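Enquirer: If you scroll down you'll find the structure; I have some questions about it.
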Amino acid sequence: MTEAGIPRSTPDEPWPVRVVSQKLSAWIGKLGWVWVDGQVAQLSRRPGASTVFLTLRDPSADLSLTVTTNRDVLDAGAPELAEGARVLLHAKPEFYAARGTLSLRADEIRQVGLGELLARLEKLKKLLAAEGLFDRARKRRPPFLPGRIGLITGRASAAERDVLTNARRRWPAVQFRTVNVAVQGPTAVPQIIDALKVLDADPGIDVIVLARGGGGVEDLLPFSDEALCRAVFGCRTPVVSAIGHETDAPLVDYVADLRASTPTDAAKRIVPDLGEESRLIRMARDRLDRAMIGLVDREAHRLDAWRSRPALARPEVLLDQRSADVTALRDRAARCVQHRLGTATGELRHTLARLRALSPAATLHRGYAIVQRADGHVVRAAGDVVAGDRLRIRLAEGGLAAVVEP
């Protein structure tokens, strides 16, 4: 048995197709009545027929279901219903076993009004903000000069023309890879998401631009889709949102890395102006030239000031001054030495005269003699010797030997 209470088949006892269809129909019939939200992709009102056929599409997925209802139900709930409108219907799923198709049978249809749409968008906006999809810290700055730009926009639209024309006017060499998609209606969201995946996977794309002209809230509704916002958030390539006019603010504007008020503004933001950049380069070069000329002039004046100093202008003057100082010092030193030598010579002569005056030799020259015993002691008195002692008499010139007699 399965969880739904349906017995399983086996290879020995397979089920016929009609049995499978019948059991699917019975199981789906147990779902009962449900409320379904979707976008009208196709509406068929046949004249004179009481049954109306609708194709209801999920705005965020490539999935649709057929809806049948009574004309009176449609006229009562949504008399002006048109393709592309958002609806809320009360329906019962039905599985047609003969054709193997699933459809919905509606007994109440409500066209979602502008107020309800705005309320849903505000609720979704708070949810995405709480999850951090609007965080400024994660937003990336597009490159100053992208090598190649990915453009997602409607085919032959004014938005495409504005972006391409203004970007090439500002920077003629800019390159684009354009992917044309539906920008409103039930197929817009899947096509835009697919285009984002293609461009984000291209390594040559430096920035992606989502561009669409102005429109009502319903027209811009695909750009507030939750699946598209999450796809933009998941892109590795910076994304620029250029949806509608300046007053329009779909949710993708808050998720994108950069918001442009219009497609023309996006062209101005993603590429620089060649003329303006050339002017800025010329101004920078002029400032650099003036700075270099000023620096060279200041250094030249500084060199002239250094060269005008006496030490550099006439270096021999400094040498002459030093030479004169050395000569004066040498002369002074010579005078000091001569004076010291003269003084020392006089003092030496005076000392020598005194020595000569006090010397025993000078006394001997005056006629005196020195008598010494044999042991060298000087005889000062007669009692210092006895008879027979040998004496030595020292004269001024030479000496004599003597013997003491009694």
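Enquirer: One residue is enough: does the stretch 98-116 have a residue meeting the conditions touching a residue at least 24 places away in the same chain (Cβ under 8 Å), buried (at least 16 other Cβ atoms within 10 Å of the Cβ) and at positive phi?
Expert: For the stretch 98-116, residues touching a residue at least 24 places away in the same chain (Cβ under 8 Å), buried (at least 16 other Cβ atoms within 10 Å of the Cβ) and at positive phi: absent.
Enquirer: May I pose another question? Quick check, is residue 231 of a type in the set (A, V, I, L, M, F, W, C), at pLDDT 90 or above and either open to solvent by less than 20 Å² (accessible area, probe 1.4 Å) or more than 25 Å from the chain's Cα centre (by Cα) (or both)? Reasoning before the result, please.
Expert: On the way: of a type in the set (A, V, I, L, M, F, W, C): yes; at pLDDT 90 or above: yes; either open to solvent by less than 20 Å² (accessible area, probe 1.4 Å) or more than 25 Å from the chain's Cα centre (by Cα) (or both): yes.
Against the criterion (of a type in the set (A, V, I, L, M, F, W, C), at pLDDT 90 or above and either open to solvent by less than 20 Å² (accessible area, probe 1.4 Å) or more than 25 Å from the chain's Cα centre (by Cα) (or both)), residue 231 qualifies.
Enquirer: Looking at the stretch 294-304, is at least one residue more than 30 Å from residue 403 (Cβ to Cβ), hydrophobic (A, V, I, L, M, F, W, C), open to solvent by 100 Å² or more (accessible area, probe 1.4 Å) and part of a helix (DSSP H, G or I)?
Expert: no
Enquirer: Residue 269: open to solvent by 80 Å² or more (accessible area, probe 1.4 Å), of a type outside the set (Ser, Thr, Tyr) and under 30 Å from residue 241 (Cα atoms), yes or no? Steps first, answer last, please.
Expert: Details: open to solvent by 80 Å² or more (accessible area, probe 1.4 Å): yes; of a type outside the set (Ser, Thr, Tyr): yes; under 30 Å from residue 241 (Cα atoms): yes.
Yes.
Enquirer: Any residue that is farther than 30 Å from residue 406 by Cβ, among the hydrophobic types (A, V, I, L, M, F, W, C), in a helix (DSSP H, G or I) and modelled with pLDDT of 85 or more - is there at least one of those in the stretch 308-327? Can you show your working first?
Expert: Just the residues of the stretch 308-327 that are farther than 30 Å from residue 406 by Cβ, to begin with: 308-327.
From what is left, the residues that are among the hydrophobic types (A, V, I, L, M, F, W, C) are 311-313, 317-319, 324, 326.
Subsequent filtering for residues that are in a helix (DSSP H, G or I) retains 311-313, 317-319, 324, 326.
The next check asks that each one be modelled with pLDDT of 85 or more; those that pass are 324, 326.
Yes.
Enquirer: To continue, here is another question. Given the options 326, 337, 379, name the one that is closer than 15 Å to residue 393 by Cα and of a type outside the set (Phe, Trp, Tyr). Write out each step before concluding.
Expert: Details: 326 fails: closer than 15 Å to residue 393 by Cα; 337 fails: closer than 15 Å to residue 393 by Cα.
Exactly one of 326, 337, 379 is closer than 15 Å to residue 393 by Cα and of a type outside the set (Phe, Trp, Tyr), namely 379.
Enquirer: Consider the stretch 207-223. How many of its residues are crowded, with 18+ Cβ neighbours inside 10 Å and touching a Lys or Arg at 6+ places or on another chain (Cβ under 8 Å)? Give the derivation first.
Expert: Of the stretch 207-223, the ones crowded, with 18+ Cβ neighbours inside 10 Å are 207-213, 219-223.
Right, trim to touching a Lys or Arg at 6+ places or on another chain (Cβ under 8 Å) and you get 220-221, 223.
Residues that pass the stated criteria total 3.
Enquirer: Could you give me the residue pairs with C-beta distances under 6 Å whose first residue belongs to the stretch 197-224 and is under 15 Å from residue 252 (Cα atoms), whose second residue is assigned to a strand (DSSP E or B) and polar (S, T, N, Q) wherever it lies, and which are 6+ apart or on separate chains?
Expert: From the stretch 197-224, the pairs are 210/241; 211/153.
Enquirer: Would you mind finding the one in 165, 153 that is over 22 Å from residue 84 (Cβ atoms), of a type in the set (S, T, N, Q) and either loosely packed, with under 12 Cβ neighbours inside 10 Å or modelled with pLDDT of 90 or more (or both)? Show your work before the answer.
Expert: Details: 153 fails: over 22 Å from residue 84 (Cβ atoms).
Selected residue: 165, the only one of 165, 153 that is over 22 Å from residue 84 (Cβ atoms), of a type in the set (S, T, N, Q) and either loosely packed, with under 12 Cβ neighbours inside 10 Å or modelled with pLDDT of 90 or more (or both).
Enquirer: Answer yes or no: is there a residue in the stretch 211-230 that is among the β-branched types (Val, Ile, Thr), within 20 Å of residue 138 (Cβ to Cβ) and in contact with a helix residue (DSSP H, G or I) (Cβ under 8 Å, 6 or more places away or on another chain). Walk me through it before giving the result.
Expert: Restricting attention to the stretch 211-230, the residues satisfying the condition of being among the β-branched types (Val, Ile, Thr) are 217.
Filter once more, keeping what is within 20 Å of residue 138 (Cβ to Cβ): none.
No - not one qualifying residue is present in the stretch 211-230.
Enquirer: Hey, another quick one. Does residue 62 qualify as being of a type in the set (Asp, Glu) and either modelled with pLDDT under 75 or open to solvent by less than 70 Å² (accessible area, probe 1.4 Å) (or both)? Full working, then the answer.
Expert: On the way: of a type in the set (Asp, Glu): yes; either modelled with pLDDT under 75 or open to solvent by less than 70 Å² (accessible area, probe 1.4 Å) (or both): yes.
In short, yes.
Conditions tested, residue by residue: (1) open to solvent by less than 30 Å² (accessible area, probe 1.4 Å); (2) without any contact (Cβ under 8 Å) to a residue 24 or more places away in the chain.
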{"site": "19", "(1), (2)": "no, yes"}
{"site": "26", "(1), (2)": "no, yes"}
{"site": "32", "(1), (2)": "yes, no"}
{"site": "38", "(1), (2)": "yes, no"}
{"site": "43", "(1), (2)": "no, no"}
{"site": "47", "(1), (2)": "no, yes"}
{"site": "51", "(1), (2)": "no, yes"}
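Enquirer: Condition check: surrounded by 14 or more Cβ atoms within 10 Å (Cβ to Cβ), in contact with a strand residue (DSSP E or B) (Cβ under 8 Å, 6 or more places away or on another chain) and of a type in the set (Phe, Trp, Tyr). Does residue 95 satisfy that? Write out each step before concluding.
Expert: Numbers: surrounded by 14 or more Cβ atoms within 10 Å (Cβ to Cβ): yes; in contact with a strand residue (DSSP E or B) (Cβ under 8 Å, 6 or more places away or on another chain): yes; of a type in the set (Phe, Trp, Tyr): yes.
Criteria met by residue 95.
Enquirer: Quick one: count up the residues across the stretch 351-380 that are free of Cβ contacts under 8 Å to residues at least 12 places away in the same chain, open to solvent by 50 Å² or more (accessible area, probe 1.4 Å), hydrophobic (A, V, I, L, M, F, W, C) and not in a strand (DSSP E or B).
Expert: Here the count works out to 5.
Enquirer: Test residue 300 against the stated conditions and say whether it is without any contact (Cβ under 8 Å) to a residue 12 or more places away in the chain and among the small types (Gly, Ala, Ser). Working first, answer last.
Expert: Values: without any contact (Cβ under 8 Å) to a residue 12 or more places away in the chain: yes; among the small types (Gly, Ala, Ser): yes.
It is true that residue 300 is without any contact (Cβ under 8 Å) to a residue 12 or more places away in the chain and among the small types (Gly, Ala, Ser).
The values are calculated or read from the model by the stated rules, or taken from the named source; none is laboratory data. Here the structure is a predicted model, which means the values were calculated and not measured. Cβ coordinates were reconstructed from backbone atoms using ideal geometry, including for glycine residues, and neighbour counts include every protein chain displayed. Side chains are part of the model used for accessible areas, which takes the heavy atoms of the whole protein and leaves out ligands, DNA and RNA. Shrake-Rupley method; radii C 1.70, N 1.55, O 1.52, S 1.80 Å.
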